[in-house]
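J.: If you scroll down you'll find the structure; I have some questions about it.
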Amino acid sequence: MPALAIVHQNDAGPGVFAEECRGRGVQLDEWLLPDGGRPPVEPADYDAVMTFGGAMHPDQQDRYPWLGAERELLASLIDLGVPLMGVCLGSQLVADAAGSSSERADVPEIGWFDVQVTPAGADDPLLGPLAPGFTGFQWHSYRSPLPPQAVALAESPAALQAYRIGERCWGIQFHAEVTKADAIAWTERFEEDTTAVAIGLDPAALTAQIGERIGAWNELGRELCGRFLEFSVSAARE
C-alpha cells in the first residue's frame, strides 16, 4: 500500500507515524512540499495521504505561496475520497480546504493539555479508542472552526481538537506523530516562536514532561496511525 506524507519542515515530519508505516509494510513517500518538485506518484493515486505541521500559519500565504496550492490539492483529495489525515498545521489546511477559516486562537496550547472526545468521537473508527479523553502534546497558536458538513470528534477549551469530513478525511490538532527528538528540538528553539516567548514557556519544565510522558504518547500515536492505515486499506479494496 503506498502512502504520502506531506511535510512542511524537516523536524515536523511523520515521526512515529512513519515507524507504524514501516512496521506494517506500507510504502511511505515523504514530500517536502516547500522545496518544490512533485512526489513520486500523483497525490490522488496514493491509498492514503497525511499532511503534517510546521512553524508557518495558514494565513501566511504572502510568505509561503505554496500554502494556497496545498489547500487546492487537499480540496481535490477530499472531493475524490482519498483517505486523508491532517495534523496541526495540516489539520488547519484541510479544514480551510473544506470551507473553514483558520484563525489565531485566543489561548495558545504549547505543552501537554487535556482533550475531551465528543460523543460522535467515541463512535469514530480513529478517535473512538481515545474516549472519554486524554492528555496530548500540542504546539499551536491557531485553531480551526468546524468546517461545514464536518463532525467534531474531540475538543479542548481552547480549540477544536479533531474532526471528520465525510467518511474518509480527518484532522487532528494535537501532535500524535511527534518523536521525543523533535519535541525536545522544538522546546530548545522555543525562542524562535514569539507566542512561546509571550506565554513565558519554561523549556526545562517542558523538557522534563516530555521525558516522562513521550513513551506512552508515542504508543498512542502509533496506534492512531495504525487505525488510519487499516481504514485506508479497507477503502482501497472498495
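J.: Tell me, which residue of the stretch 89-144 that is within 16 Å of the chain's Cα centre (by Cα) and of a type in the set (D, E, K, R) is farthest from residue 231 (Cα to Cα)?
T.: So, considering only residues that are within 16 Å of the chain's Cα centre (by Cα) and of a type in the set (D, E, K, R), the one farthest from residue 231 (Cα to Cα) is 109.
J.: Within the stretch 97-152, how many residues turn out to be in a strand (DSSP E or B) and closer than 23 Å to residue 182 by Cβ?
T.: Result for the stretch 97-152: 19.
J.: Select from the stretch 23-55 the residues that are under 19 Å from the mean Cα position of the chain (by Cα) and charged (D, E, K, R) and write down the one among them that is surrounded by the most Cβ atoms within 10 Å (Cβ to Cβ).
T.: Checking each candidate, the answer is 47.
J.: Would you please name the residue that is nearest to residue 100 (Cα to Cα), looking only at residues in the stretch 56-68 that are out of contact with any helix residue (DSSP H, G or I) (no Cβ under 8 Å at 6 or more places or on another chain) and surrounded by fewer than 15 Cβ atoms within 10 Å (Cβ to Cβ)?
T.: 68
J.: Separate question: Which one of these is in contact (Cβ under 8 Å) with a residue 12 or more places away in the chain, surrounded by fewer than 17 Cβ atoms within 10 Å (Cβ to Cβ), at positive phi and not hydroxyl-bearing (Ser, Thr, Tyr): 166, 211, 200?
T.: 166
J.: If the requirement is being in contact with a Pro (Cβ under 7 Å, 6 or more places away or on another chain) and among the hydroxyl-bearing types (Ser, Thr, Tyr), which of these qualifies: 194, 187, 207?
T.: Within the list 194, 187, 207, the selection yields 187.
J.: Is there a residue in the stretch 112-119 that is under 23 Å from residue 6 (Cα atoms) and either in contact with a strand residue (DSSP E or B) (Cβ under 6 Å, 6 or more places away or on another chain) or buried (at least 16 other Cβ atoms within 10 Å of the Cβ) (or both)?
T.: no
J.: Something else about it: Checking the conditions here, which among 14, 83, 58 is touching a residue at least 24 places away in the same chain (Cβ under 8 Å), within 16 Å of the chain's Cα centre (by Cα) and over 25 Å from residue 186 (Cβ atoms)?
T.: 83
J.: Could I ask something else about it? With the structure loaded, tell me whether residue 94 is assigned to a loop (DSSP other than H, G, I, E, B) and over 25 Å from residue 185 (Cα atoms) or whether it fails that test.
T.: In short, no.
J.: Follow-up question, since we're still on this one. Among (1) farther than 24 Å from residue 8 by Cα; (2) of a type in the set (A, V, I, L, M); (3) in contact with a Phe, Trp or Tyr (Cβ under 8 Å, 6 or more places away or on another chain); (4) in contact (Cβ under 8 Å) with a residue 60 or more places away in the chain, there is one condition residue 130 misses while meeting the rest; what is its number?
T.: (3)
J.: For the stretch 135-157, enumerate the residues that are under 21 Å from residue 210 (Cα atoms) and surrounded by 17 or more Cβ atoms within 10 Å (Cβ to Cβ).
T.: 136, 137, 138, 139, 140, 141, 156
J.: Any idea which of (1) touching a helix residue (DSSP H, G or I) at 6+ places or on another chain (Cβ under 7 Å); (2) farther than 15 Å from residue 98 by Cβ is the one residue 152 doesn't satisfy?
T.: (2)
Throughout, read-outs are computed from the coordinates displayed, never taken from laboratory work. This is a predicted model, so every value here is computed, not measured. Using ideal geometry, Cβ is built from the backbone for each residue, glycine included, and neighbour counts are taken over all protein chains shown.
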